[in-house]
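Nothing in this text is a laboratory measurement; each read-out follows from the coordinates by a stated rule. Model, not experiment: these values are computed from the prediction. Note: ideal-geometry Cβ built from the backbone for every residue, glycine included; neighbour counts use all protein chains shown.
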Amino acid sequence: MRFTTIAATVIAAAASASAACLEQAPSALGFPINFDITPSRPNTISFQIPPNSAGPCQLVAKFPDGYPITSTGSDLVNVVALDGPAQGALVGSLRFRPGTKTFVNSFACRDVMTYELEIAQGTGEVKFSEVQGAGLFMDVGDCY
């Protein structure tokens, strides 16, 4: 009886450890990361995923209420994969807004995941700073 209880506890602990969620910030030398996306100046963002991470990897944009985001003209931003099996593919589009959390797309995790942010069409500009808790993140694992 005691063995069964211990075994059940160990299995439950292993299941909860494998179902962990990690919010991975972009790879950068420092923060803030200042984004200034225009038709002639797309921005690149890259994530280094810890080895042996269980997926999925979900690209998320989140900004608290009142967070300063400047946009003019056409502010729809395309997200294009720069590596992996969907290299060059449009993987999502979004508008950056304070007080929102937007799921861009879900992917199989890779060691490095890199995307280009570009104005979808027309003339426009989007500016924001990536800081702790605000910007683009890769949610790794069972986060939802």
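Judged by a Cβ-Cβ distance under 4.7 Å, the chain has no unpaired cysteines; every Cys finds a partner. Highest mean first, the peptides 128-134, 111-117, 50-56 sorted by other C-beta atoms within 10 Å per residue fall in the order 111-117, 128-134, 50-56.
Dividing the convex hull volume of the alpha carbon atoms of the range 35-104 by its residue count gives 114 Å³ per residue.
The angle separating the long axis of helix 2-18 from the principal Cα axis of greatest extent in the chain is about 10 degrees.
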